[in-house]
């Protein structure tokens with residue numbers, strides 16, 4: 001066999017090995033990506049337990065001091081998206097915990113209050129009440145788009161709600177994110193969602209909460225252009241009072257949809273939750 005021929009064979013073998021190595025690296029990278037997607041990590045602003053419910057990331061922060069022989073009252077926070085709850089919630093959470101109140105939530109993605117998200121909310125509710133000794137009556141705390149999520153669960157389970165509190169919460173699908181965006185989460189066209197809007201829009205579904213005498217508290221700035229006060233909290237307040245419901249609203253002047261600490265260090269909100277959680 002000539003040296004020239006051997007050299008050609010060696011080159012082919014080397015090229016083959018290089019290609020094989022590249023394929024193995026690619027497979028390894030894909031495998032690693034898959035594992036990272038399956039293993040969701042969540043960093044909480046306060047030490048707590050991160051677990052999954054039906055494949056979705058959930059969390060529970062328990063108070064150190066709990067009354068023996070009783071169910072633990074709890075705040076239900078939303079939206080539990082990546083990065084939320086955040087450090088701005090620490091002030092509130094510490095005061096809830098000091099009062100013996102737990103905090104929990106589950107990431108249902110950008111559900112905009114759709115039925116699938118509500119089913120996951122029911123799943124975590126059952127987990128927390130049946131297996132973790134939490135109270136049968138939750139205290140939903142809705143921040144921004146979390147209003148769509150928590151209100152749409154609450155209106156279907158009013159007997160399981162002690163009170164509702166909101167920080168500039170979205171309560172009207174036509175206001176935010178708008179039907180053109182929300183319809184995808186509902187598996188409908190914009191026109192189809194518009195036709196069934198009263199079935200899914202929180203402001204149209206308050207009757208059961210009023211009948212159950214669920215008290216509501218919102219803090220919402222008068223300069224909010226993302227989630228306008230009058231189309232959300234203002235509309236809820238008007239309709240809830242018409243239904244005979246109890247609702248308190250604080251309106252900080254000159255504040256919009258922002259991170260002003262007054263939204264997150266609101267003593268009136270904390271006192272309201274503590275008074276009704278127990």
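Listed by position, the helices (runs of 4 or more DSSP H) enclosed by the range 125-235 that each have at least 2 residues that are in contact with a strand residue (DSSP E or B) (Cβ under 9 Å, 6 or more places away or on another chain) and closer than 28 Å to residue 63 by Cα are 146-154. Of all the criteria given as (1) touching a residue at least 60 places away in the same chain (Cβ under 8 Å); (2) closer than 15 Å to residue 57 by Cβ; (3) in a helix (DSSP H, G or I), the one not satisfied by residue 110 is (3). So is residue 253 within 26 Å of residue 156 (Cβ to Cβ) and either assigned by TED's automatic domain parsing to the domain that holds residue 174 or in a loop (DSSP other than H, G, I, E, B) (or both) or not? No. The single residue among 70, 52 that is assigned to a strand (DSSP E or B), exposed (fewer than 15 other Cβ atoms within 10 Å of the Cβ) and in the same structural domain as residue 262 (by TED's automatic domain parsing) turns out to be 52.
Within this structure, residue 100 passes the test of being surrounded by fewer than 20 Cβ atoms within 10 Å (Cβ to Cβ), part of a loop (DSSP other than H, G, I, E, B), in the same structural domain as residue 73 (by TED's automatic domain parsing) and at pLDDT 95 or above.
The values are calculated or read from the model by the stated rules, or taken from the named source; none is laboratory data. Treat the numbers as computed from the prediction; the structure is a model and nothing was measured. Using ideal geometry, Cβ is built from the backbone for each residue, glycine included, and neighbour counts are taken over all protein chains shown.
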